[in-house]
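Read through the structure below, which is laid out as structure tokens, and then see the notes.
The values are calculated or read from the model by the stated rules, or taken from the named source; none is laboratory data. Keep in mind it's a predicted model, so treat the numbers as computed, not measured. Cβ sites come from the backbone with ideal geometry, for glycine too, and all protein chains shown count toward neighbours. In case anyone asks, the SASA skips ligands and DNA or RNA and just uses the protein heavy atoms, side chains included. Shrake-Rupley method; radii C 1.70, N 1.55, O 1.52, S 1.80 Å.
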Amino acid sequence: GAPIRLEGVVKKYRGTTKPAVKKLDLEIDAGDIVAFVGPSGCGKTTTLKMINRLIEPTEGKVFIGDRDVTNEDPDKLRQSVGYVIQSGGLFPHWSVRKNIGAIPRVLGWDKKKIADRTDYLLDLVGLDAAAFADRLPKDMSGGQQQRVGVARALAADPPVLLMDEPFSAVDPITRVRLQDSLIAIQHEVAKTIVIVTHDFEEATKLGDKVLIFSEGGQIEQYATPEEILAN
Ligand code: ADP
Ligand code: ADP
């Protein structure tokens, strides 16, 4: 994984008076899972999206490793920052194999390499490649689609994985299974992972560190789960 650093980051949405993120300085260590928690509307998603420039910061700089990504081409940037959303975000008319291969194809990988990588990733997320590679998303459960979403985000071996409420759309039992497999995946691939959640228990379970946001993208607390639970 690579460290992530935000310096004086501000986001003011057009037509709003109060900034969604006021002035944020944040360092995330390489290889950590950091969980963003806090009340709805406090700027978690906005902050996450500014890391891969799905949202442009109004002010400030974002670094991934020692790259200042503020002026990078956003489409290029997104090829090296995995992104997972609530519902998996798979292309509905594409098979699992085609979904996972989307970014590698853009990057010009050869077919054999993409096929091998797809098999490896399906195994990593706990899906049998023979059974699932040629399925369409609609023929899979929510939990299975979410696993494919994680596999797709990891396809080009990005140093950073961003996840926005990735497990909130699945039932509680599946959620626990997906959380456990994320911890196992992290153990194997050692990415820097940022996960947005509204679930404090999920944050303390998954996070090496938990960042509690308050209104306006302000840091209320940024510490290990043990330190946070001790207060
Ligand atoms: P969270 O993820 O913590 O729920 P968000 O980052 O989604 O919070 O939102 C932070 C603030 O920015 C909220 O007040 C929200 O209403 C506002 N906001 C989010 N997206 C937009 C947008 N596209 N235009 C205007 N305001 C927005
Ligand atoms: P997991 O968390 O292991 O991915 P889920 O708990 O989401 O799995 O689903 C449990 C089982 O139900 C799956 O192994 C799958 O075989 C089956 N299943 C659920 N929905 C569907 C569906 N729409 N199509 C095919 N199989 C399904």
- [ ] For segment 14-34, state whether one or more residues are more than 21 Å from E220 (Cα to Cα), of a type outside the set (A, V, I, L, M), buried (at least 19 other Cβ atoms within 10 Å of the Cβ) and more than 16 Å from ligand 2 (Cβ to nearest atom).
- [x] no
Open item on the list: The conditions are (1) open to solvent by less than 10 Å² (accessible area, probe 1.4 Å); (2) without any contact (Cβ under 8 Å) to a residue 12 or more places away in the chain, and L178 fails exactly one of them. Which is it?
Closed with: (2)
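This table checks each residue for (1) buried (at least 21 other Cβ atoms within 10 Å of the Cβ); (2) among the β-branched types (V, I, T).
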| site | (1), (2) |
| --- | --- |
| H93 | no, no |
| G101 | yes, no |
| A129 | no, no |
| R147 | yes, no |
| A153 | yes, no |
| P158 | yes, no |
| I173 | no, yes |
| T192 | yes, yes |
| G207 | yes, no |
Open item on the list: Among the residues in segment 47-55, are any surrounded by 21 or more Cβ atoms within 10 Å (Cβ to Cβ) and among the hydroxyl-bearing types (S, T, Y)?
Closed with: yes
Task: Residue, most open to solvent (accessible area, probe 1.4 Å), within segment 131-145, restricted to residues that are within 7 Å of ligand 2 (Cβ to nearest atom) and under 20 Å from T197 (Cβ atoms) - done: G142
Open item on the list: Can you pull out every residue in segment 51-94 that is assigned to a loop (DSSP other than H, G, I, E, B), closer than 22 Å to Q145 by Cα and β-branched (V, I, T)?
Closed with: I85
